[in-house]
Amino acid sequence: MIELLTARTAELDASALAEARALLFEVFGADLTDADWEHALGGVHALLREDGVLIGHAAVVPRFFRHDGRQLRTGYVEGVAVRADRQGRGHGSVLMGSVAGLVRGGYELGALSASDAAVEFYGNRGWQRWDGLLSAATRYGGERPTPDDEGGVFVLPGTAPLDVTGLLTCDWRTGDLW
């Protein structure tokens with residue numbers, strides 16, 4: 001039996017968080033860092049279980065982005081993963097459907113950074129590739145261009161008008177900015 005649960009980080013006990021962390025490290029291996037895991041905390045998690053075993057995870061965390069002179073409440077998607085032996089069965093689509101509902105229910109914009117392997121997956125689910133420039137606010141004011149991330153950032157439009165060929169600026173955080 002497949003079961004989807006959504007819960008805030010604070011509502012999950014230590015064992016559920018450890019299980020989600022282990023899943024992400026299993027799926028992404030050396031590409032995942034402790035900072036990447038920490039980026040998935042502090043928001044709402046979508047946990048997909050099959051017969052009680054965690055097989056999928058995604059999280060939406062609050063961030064603030066700037067676009068066209070506006071600061072936007074952004075639901076940023078982190079830690080999307082499905083166990084390798086369960087991929088290709090629609091589980092990722094279930095997780096992303098839940099994520100889209102969370103974003104549309106509480107944010108002006110949804111955003112995520114896609115691996116090369118996931119670009120088509122997100123595009124097929126209504127996420128739009130950001131075709132404009134990207135930058136990050138710095139800790140000390142100002143902005144820093146982030147050209148290495150261009151082509152891999154996707155948005156889910158919400159209530160804010162967007163020009164996906166314009167400039168999108170994310171807030172500062174340690175580790176990967178996008």
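Below is a table of values for the structure above.
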read-out: Pairwise label distance in nanometres, Ala18 with Ala30, each label 7 Å out on the Cα-Cβ vector; value: 2.7
read-out: Residue among Phe154, Leu23, Val53 farthest towards the positive dipole end of the chain, charges placed on Cβ; value: Phe154
read-out: FRET efficiency, Asp176 to Arg70 (Cβ-Cβ, R0 30 Å, nearest 0.05); value: 0.80
read-out: Max mean-square fluctuation residue, GNM over the chain, Cα-Cα springs under 10 Å, options Arg73, Arg49, Arg139; value: Arg139
read-out: Span from the region 115-166 Cα centroid across to the region 86-105 one, whole angstrom; value: 19
read-out: Relative contact order of region 10-95, pairs being alpha-carbon contacts under 8 Å that are 6 or more residues apart, as %; value: 27
read-out: Accessible area in square angstrom per residue, region 30-169, 1.4 angstrom probe; value: 47
read-out: Helical contribution to [θ] at 222 nm, DSSP H n ≥ 4, -39,500 (n - 2.57), averaged over the chain, rounded to 500; value: -7000 deg cm²/dmol
read-out: Label-point separation, Thr138 to Asp116 (7 Å along Cα→Cβ), nm; value: 3.1
read-out: Pairwise label distance in nanometres, Arg129 with Thr6, each label 7 Å out on the Cα-Cβ vector; value: 2.8
read-out: Between helix 91-106 and the chain: long-axis angle, C-alpha atoms, 0 to 90°, nearest 10; value: 50
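The values are calculated or read from the model by the stated rules, or taken from the named source; none is laboratory data. Everything numeric in this text was worked out from a predicted model, so none of it was measured. Cβ atoms come from the backbone with ideal geometry, glycine included; neighbour counts cover every protein chain shown. Remember, those area values only see protein heavy atoms, side chains included, never the ligands or the DNA or RNA. Shrake-Rupley method; radii C 1.70, N 1.55, O 1.52, S 1.80 Å.
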